[in-house]
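The structure appears right after this line, and notes come after that.
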Amino acid sequence: MVGLQQVFKSFGMALVGTMHPRMLWLSLRPFLIVSVLWGCLIWLTWTPALEALSVFLTTSIFTSWIQEGLVWAGFDNARAWIAPLFFVMLIIPLITISLLVFIAFSTVPAIVKIASRNSQFHDLECKQGGGFFGSLIYSLWSAMICLALVMLTLPVWWVPPLVAVLPPLLWGWLTMRLMSYDVLAKHASSEERDLLLEKYRWPLLCMGIASGMLGAVPTFFWATSALALVLFPIVSFIALWIYSLIFIFAALWFSYFLLDALKQLREEELDKALTVESRVVDMELPFHG
């Protein structure tokens, strides 16, 4: 039975697999693409975005108290860095979610293919329970839900303890949703996928949160360090690659766990079918005597 032991076993297999050159390349590809796209977008919008945010933070009754409170607390130059800090806080979730969705949509199938080459999964039948459009719709819908949750909770990200708690929970939930669907899309039927996600909901959520906690390290530094604000382009570039590597590891972790769970499920169903067939034969034998 797939349980805690299998969670740790798949964790170890994923940890070793992540160090493979092929996996490192798979982490670089989405990182480079997303970095270029967001780099161009930030470069084009940095100045007008800061000007708009500065006006909004100064004039809005909902945010003007932040600057006044910082000045009252002794941060006389708060007006100089509050707008860039707000911009960074707003852009971090968008970059992270876009990277995770891109990896789930474009890279996870390749990772599942590599994981399925393991000897224990050679005879695992592919039932194609998910497809291209199903994955796209599921990924976008999950990302929209996560983004809405981020926007609702973003104001309390300023509270130091919560900046290390909320991101792991949000990234963990999104990681669980995206990885679980895409890992099983090729090998499991839709019925098998629903059954596995229901049966192993809590282990999968814990795996997602654990992955989110790993991803919270760059988030925490990104959101709380003055150095990250000054060197935002460089720091964001490094942090984004760390995110990418963590998400690749999570994809491997979910792949090994769910493929093994699927194998166990089919073995259990086969045993049940053989048991029922054996009982039917035993019941019919006396009538053929």
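Just so it is clear, none of the values below were taken in a lab; they were calculated from the coordinates. Quick caveat, the model's predicted, so the values are computed rather than measured. Counting neighbours? That spans all protein chains shown, and the Cβs are built from the backbone with ideal geometry, glycine included.
Net length available on complete extension from ALA273 to VAL159 is 35.5 nm, with 0.36 nm assigned per residue and the Cα-Cα distance removed. Shape of the range 102-166 from its Cα gyration tensor (a ≥ b ≥ c, root eigenvalues): rounded if a/c is under 1.5, otherwise prolate when a/b > b/c, or oblate? Note, shape of the range 102-166 comes out prolate. Give me the one-decimal nm value for the distance between modelled label points at LEU28 and CYS206, 7 Å along each residue's Cα-to-Cβ direction. Taking the simple label geometry, LEU28 and CYS206 are separated by 3.6 nm.
Suppose R0 equals 45 Å; then what is the FRET efficiency for GLN120 and THR45 from their Cβ-Cβ distance, rounded to the nearest 0.05? Efficiency at R0 = 45 Å is approximately 0.40.
Stretching VAL36 away from GLU191 to a fully extended chain increases their span by 51.9 nm, per 0.36 nm per residue minus the current alpha-carbon distance.
The distance between label points at LEU147 and LEU94 comes to 0.9 nm (points 7 Å beyond Cα on the Cα→Cβ vector). Our estimate of slack between LEU140 and THR59, defined as 0.36 nm per intervening residue step minus the Cα-Cα distance, is 25.7 nm. Within a straight-line Cα-Cα reach of under 21 Å, LYS127 can be paired with the following lysines, leaving aside sequence neighbours fewer than 8 residues apart in one chain: LYS113, LYS186, LYS199, LYS263, LYS272.
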